[in-house]
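Asker: Below is a structure I'd like to ask you about.
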Amino acid sequence: MSQIEGARVFREAWIAGVLKHFPGEPKPSYITPWEETPEWEREAAGSVYEQVRQFLDLSSGHASRLSREQKGRFVATCWTAQMFKHFEDPKPGYVADWPDLPDWQRETDADIFGAIEKSLN
């Protein structure tokens, strides 16, 4: 799968997770379709997809045995690194540590890991 296709898997999983877990009405930017997603965000999504893919590959697939929380934490950490890459001074919410993320975002990050796993099978 190309990095662009992987980025789309990430973005589609993000939107699905937001629609499932976000309490109330999400901000429009949270559910922006792929075609309207900013280029930096597409690139970041592709990078995180690739990091999860490599993580699963390097563990010979055994990273799938991580807990749901561990999977979500991995996605969140990879995303945080991308925020530092793309923004000189990112908003605190963009780089919040796992315990500081809202529940809906933690659940969505775990869903993203699962969607990436599924895309590799």
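Only the coordinates and a few stated rules stand behind these numbers; no lab work does. Computed from a predicted model, the values in this text were never measured in an experiment. Glycine also receives a Cβ, built like all others from the backbone with ideal geometry; neighbour counts cover every protein chain displayed.
Asker: In percent, how large is the relative contact order of the range 1-68, given Cα pairs closer than 8 Å and 6 or more residues apart?
Answerer: Values: 46 pairs, mean separation 29.6, N = 68.
Dividing the mean separation by the residue count of the range 1-68 yields 44 percent.
Asker: So, in Å, what gap is there between the alpha-carbon centers of the range 73-111 and the range 9-58?
Answerer: 12 Å
Asker: Tell me the GluC sites (Glu not before Pro) within the range 1-99 that lie in a loop according to DSSP and have at most 16 other beta-carbon atoms within 10 Å.
Answerer: On the way: sites: GLU5, GLU12, GLU35, GLU36, GLU39, GLU41, GLU43, GLU50, GLU69, GLU88; in loops: GLU88.
Here the sparse-neighbourhood loop sites are GLU88.
Asker: List the relative contact order of the chain as a percent without decimals, with contacts defined as Cα pairs under 8 Å and 6+ residues apart.
Answerer: 38 percent
Asker: In whole Å, largest first, what are the principal axis extents of the Cα atoms in the chain?
Answerer: The Cα atoms of the chain stretch 37, 29, 28 Å along the principal axes, largest first.
Asker: A further question follows. Can you tell which of PHE74, PHE84, PHE22 shows the greatest fluctuation in a Gaussian network model of the chain with Cα springs below 10 Å?
Answerer: Judging by the Gaussian network model, the answer is PHE84.
Asker: List, in the order given, every pair from LYS20/LYS85; LYS27/LYS91; LYS20/LYS71 whose Cα-Cα distance in the structure shown is over 24 Å. Intermediate results must be reported in sequence, preceding the final value.
Answerer: Numbers: LYS20/LYS85 29 Å; LYS27/LYS91 16 Å; LYS20/LYS71 18 Å.
Going by Cα-Cα distance, LYS20/LYS85 fall outside the 24 Å limit.
Asker: Select from THR37, THR108, THR80 the residue whose mean-square fluctuation is largest in a Gaussian network model of the chain (Cα-Cα springs shorter than 10 Å).
Answerer: THR37
Asker: Quick one: work out Rg over Rh on the C-alpha atoms of the range 23-67, Rh as Kirkwood radius.
Answerer: On the way: Rg = 14.7 Å, Rh = 12.7 Å.
Result for the range 23-67 is an Rg/Rh of 1.16.
Asker: Separate question: Compute, for the chain, the length of the dipole vector about the Cα centre, with Cβ point charges of +1 (Lys, Arg) and -1 (Asp, Glu) only. Units Debye, rounded to 20.
Answerer: 380 debye
Asker: Please order ARG68, ARG42, ARG106 by the number of other Cβ within 10 Å, starting at the fewest. Could the numbers behind the result be given before it?
Answerer: Numbers: ARG68 14, ARG42 17, ARG106 20.
Result, fewest neighbours first: ARG68, ARG42, ARG106.
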